[in-house]
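Reading through the structure tokens given below for one structure.
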Amino acid sequence: MTKLTRYICVVFLFLLLVAIRGFEDELFYDPYLKFFENDYLYMDSPRREIAKLVLNTTLRFVLNSTISLGILYLIFNDKNIIKFSTIIYVTAYILLMIPFLYFVINPRQEDYYMFFNVRRFLIQPIGLILLLPAFYYHKLNR
């Protein structure tokens, strides 16, 4: 694959991440999108369907992670980086889903800020934001 083709593919994948964020209201069930846009520290938790919320959050995490892995592969062209990143993503999903489920099942106002941040790690491509410079730095120091 030529460099130009790889760069075009990377831009396309970044645009996919932007599209997921831009159309999140239409693509995913998440009553917390509107909840956290408001003054959520003084509101009650919204009504939610727990199974549907977990399924949609998982779908969004998988989409973001898959696209992020594609970006990492196109930039670094290293299968070991993809294997390591996959382990990071799977571990992060498991470790973040436990408190996410706790906060969804037991909503308390004093936990909203922590829930907001755990949820953010699940629905945003923060893994890519962390891994991309880390692998670039590692590549420079090799």
**Study point:** Rounded to the nearest 10 Å², the accessible area of TYR136 at probe 1.4 Å
**Key:** 130 Å²
Practice item. Can you work out the accessible area per residue across the chain, with the rest of the protein chains kept in place, probe 1.4 Å, in square angstrom? Key: 64 Å²
Point to revise | Two-site FRET efficiency, PHE14 against GLN109, from Cβ-Cβ distance with R₀ of 25 Å, rounded to 0.05 | key: 0.10
Study note, to complete from the structure: Helix 50-76 sits off the longest principal axis of the Cα atoms of the chain, rounded to the nearest 10 on a 0 to 90 degree scale, by 20 degrees
Exercise for review: Among the lysines, select those whose C-alpha is under 28 Å from the C-alpha of LYS83, and discard any that sit fewer than 8 residues away in the same chain.
Suggested key: LYS3, LYS139
Point to revise | Cβ-derived FRET efficiency at R0 25 Å, ILE94 paired with GLU37, nearest 0.05 | key: 0.35
Revision key, fill the gap. In deg cm²/dmol, rounded to the nearest 500, the helical mean residue ellipticity at 222 nm of the chain, built from -39500 (n - 2.57) for every DSSP H run of length 4 or more, is -26000 deg cm²/dmol
Study note, to complete from the structure: the stretch 4-142: spread of alpha-carbon positions along the three principal axes, whole Å, largest first, is 50, 28, 25
Point to revise | Percent carbon-and-sulfur accessible area, the stretch 74-142, ignoring ligands, DNA and RNA, probe 1.4 Å | key: 69 percent
Exercise for review: Please give the contour-minus-distance gain from ASP78 to GLU24: 0.36 nm per residue of separation, less the Cα-Cα distance, rounded to one decimal in nm.
Suggested key: 16.3 nm
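The values are calculated or read from the model by the stated rules, or taken from the named source; none is laboratory data. Nothing here was measured: the structure is a model prediction, and the numbers come from that model. All Cβ positions, even for glycine, are placed from backbone atoms using ideal geometry, and neighbour counts span all protein chains on display. Calculation scope for accessible area: heavy atoms of the full protein, side chains included, ligands and nucleic acids excluded. Shrake-Rupley method; radii C 1.70, N 1.55, O 1.52, S 1.80 Å.
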